[in-house]
1. Would you mind checking LYS87/LYS132; LYS21/LYS169; LYS87/LYS158; LYS109/LYS132; LYS31/LYS154; LYS82/LYS169 for any pair whose Cα atoms are more than 19 angstrom apart?
2. Calculated from DSSP H runs of 4 or more alone, at -39500 (n - 2.57) each and per residue, what is the 222 nm mean residue ellipticity of the chain, nearest 500?
3. Relative contact order, percent, of segment 3-170 when contacts are C-alpha pairs under 8 Å separated by at least 6 residues?
4. Can you compute log10 of I(q)/I(0) for the chain with the Debye formula, treating each Cα as one identical point scatterer, at q = 0.13 Å⁻¹?
5. Gap in Å between the Cα centre of segment 21-62 and the Cα centre of segment 99-114?
6. How about segment 67-160: which trypsin sites (Lys or Arg not before Pro) there are in a DSSP loop, with at most 14 other Cβ atoms within 10 Å of their Cβ?
7. Longest exposed-loop-site-free stretch of the chain, with GluC sites (Glu not before Pro), DSSP loop and at most 13 other Cβ within 10 Å?
8. What list of ³J(HN,Hα) values in whole Hz, one per residue of segment 60-74 in order, does the Karplus curve 6.51 cos²θ - 1.76 cosθ + 1.60 (θ = phi - 60°) give from phi, with Gly and Pro shown as x?
Amino acid sequence: MDLARTIRDVPDFPVEGILFKDITTLLQDPKALKETVDRLHAYADSRNVDVIVGVESRGFMFGMPLAYNMGLGFVPVRKPGKLPAEKISESYTLEYGTNTLEIHTDAMKPGQRALVIDDLLATGGTALATCKLIERLGGVVAGTAFAIELSFLKGREKLHGYDVFSVVKFD
């Protein structure tokens, strides 16, 4: 299945000059959604993971069904002010600004193998910040997985040393 054809381009979103890859059209297509989650599942199986870590918010859309299908727990990584218990944070840069992510301090056990899931790999800042949070808690990043990769932004290079998988690549 050509999943790239199910992803809509939205020009100048969220700021002028950005061509946004909109996954809502992929999510609306039952076959495309199933194929995407199935490919992520196959990758996760190959990485021997203990827990799925989803990045707010679109990473939740792929991480939750994956965790459910694999019988694993799910750890949310969220933007500031969303997690109620004790947490740590990590700041990072985006292709169009800066942001911060947080994770509960009791979200992972030392040595637990985590798979990072998000909808998009662009410059790699969000994924790298998530990997750092996992490692600060004593977890092991078993891999990173994305529905979409914008390879021309070279985010894979920022994730040097981590295993990277993407379902669809745009060059």
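Here, each number is a calculation from the coordinates, and none is a lab measurement. As the structure is a computational prediction, the values presented were derived from the model and not from experiment. All Cβ positions, even for glycine, are placed from backbone atoms using ideal geometry, and neighbour counts span all protein chains on display.
1. LYS87/LYS158; LYS31/LYS154; LYS82/LYS169
2. -9000 deg cm²/dmol
3. On the way: 345 pairs, mean separation 31.9, N = 168.
Over segment 3-170, the number comes to 19 percent.
4. -0.59
5. That distance is 19 Å.
6. LYS82, LYS154
7. Value returned for the longest uninterrupted segment is 87-171.
8. Once rounded to whole Hz, the list reads 5, 5, 9, x, 5, x, 5, 4, 4, 4, 8, x, 10, x, 10.
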